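In what follows, a structure is listed as structure tokens, so that the remarks can point back to it.
The values are calculated or read from the model by the stated rules, or taken from the named source; none is laboratory data. None of the values given here were measured: they were computed from a predicted structure. Counting neighbours? That spans all protein chains shown, and the Cβs are built from the backbone with ideal geometry, glycine included.
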Amino acid sequence: MTKDYVENSITLPGAVAMGTGVMIGAGIFALTGQIAELAGPLFPLSFIAGAVVTAFSAYTYVKMSNAFPSAGGIGMILKKAYGPTTVAAGAALLMALSMVISESLVARTFGTYTLQAFGGDPDSVLVPLLGIGLIVFAYLLNASGTRSVGLWSIVMAVLKVGGIASFGAAGLWASGISFEATGGELGVGGFVASVALSILAFKGFTTITNSGAEITEPHRNVGRAIVWSIAVCVVVYLLVAFAVGSNLPLDRIVAAKDYALAEAAQPALGQTGFYLTVALALVATASGLVASVFAVSRMLAMLSDMKMIPHSHFGMPGRIKDHTLVYTVVVAAFLTVFFDLSRIASLGAFFYLVMVMIIHFGVFRHLREEIGAKGWVLLTAIALDASVLAAFTGMKWQSDPLIVVTGIVGMALVFLFVGIFLARNPVRERAHEQH
């Protein structure tokens, strides 16, 4: 395993940059408009609610990662909680799929903002083609090695956090700090449902968990990196949400939901501000995709090594993580072509919320005493996630029942797939002891 996972190859700043890179890439540019569509004029507060729910979820990850840092991350937590079972393998695969879904979300956002710079149609076939181009770039950078990814993540995180925070501050100043996104319905159900997407905007912190074995002093720094990355993103998200709401009425935010930040930049900062915002979007989405591809390919490699999911080389040379890197970008490219932004985000939210509830329950039942976790925090996390999932499913059933059916069928197929595989290939008791 020393060839696959390099200990101490990711510093604490690199881990924070990796987490913020994934979160900011998807959270701000791809989801702000969609959250506003559900939450109405209260959409900035949805990010706060999402951060609160995420904080309860992060508690489980921090406790587990501090006790058992691993390059398998989520897979390690599930295997510790449930053993090498269908539940553990299925939930881990749901997490991997939700991350790949987020990659396609970010890739399409990259294509949409690129076309905005040239006055192109956001529904053009060029959107998925540009997204695929970014996925290929992410593959090439990841294939070059772990240290390249860490350096790239730090540089990009500094650029985009500083740039996006500056956009938010400048937008608020230009608007005179007057909130324009008023009107619309103030439904509790819509607001709670919007929190599902806000949670999706924060879930990039799990990228840090999946790289635990490669982070310096992992027993301390994995938890620190998670807390710092969430804190940075809360500040950035709120700045930008209020800047968008201060420069655009709600109906225009919803109409431009796939490129809401670019739309808000023009009245606030003029044409120059518009182009700078597009440039920031390209930097943020590119760095987010690179970091996500890095994490999910490592997670799939670990699950394969644990014998919990099948693996085929398909005639390719190299190590397992080289193959899972290819599988990751191929699936992300497929989703980029065949799903729009709204459906991609919905599918990712379904998979992630179900998976994270399975994790909380497993840790509560089997591991909370071993890792010193408080039971009431774990149960609160489950209740919050379940409430948000129920509200989001109800809203989507009314507006787009097909994506709800797709999500349910997809999750059923995942558990059926790994159940059949594990029944035919039972995991030996000591198969993962070396990790």
Total residues in region 254-280, condition in contact with a Lys or Arg (Cβ under 9 Å, 6 or more places away or on another chain), closer than 24 Å to M99 by Cα and hydrophobic (A, V, I, L, M, F, W, C): 2
For T380: the one exception among (1) of a type in the set (S, T, N, Q); (2) touching an Asp or Glu at 6+ places or on another chain (Cβ under 9 Å); (3) at pLDDT 95 or above: (2)
Hits in region 82-97 - residues which are of a type outside the set (A, V, I, L, M, F, W, C) and crowded, with 24+ Cβ neighbours inside 10 Å: G90
Meets criteria (surrounded by 17 or more Cβ atoms within 10 Å (Cβ to Cβ), assigned to a helix (DSSP H, G or I) and modelled with pLDDT of 75 or more) for L140: no
Residues satisfying the stated conditions in region 419-435, i.e. in a helix (DSSP H, G or I) and either of a type in the set (F, W, Y) or at pLDDT below 90 (or both): F421, L422, A423, R424
Region 303-322, subset modelled with pLDDT under 75 and assigned to a helix (DSSP H, G or I), residue farthest from P426 (Cα to Cα): D322
Total residues in region 365-406, condition within 24 Å of the chain's Cα centre (by Cα) and either in a helix (DSSP H, G or I) or among the aliphatic types (A, V, I, L, M) (or both): 28
Restricting region 396-418 to residues that are among the small types (G, A, S) and either over 15 Å from A91 (Cα atoms) or out of contact with any Phe, Trp or Tyr (no Cβ under 8 Å at 6 or more places or on another chain) (or both), the residue that is modelled with the highest pLDDT: A412
Residue match in region 295-304 (condition: surrounded by fewer than 23 Cβ atoms within 10 Å (Cβ to Cβ) and within 30 Å of A423 (Cβ to Cβ)): yes
Test: T32 is in contact (Cβ under 8 Å) with a residue 40 or more places away in the chain and within 13 Å of the chain's Cα centre (by Cα): no
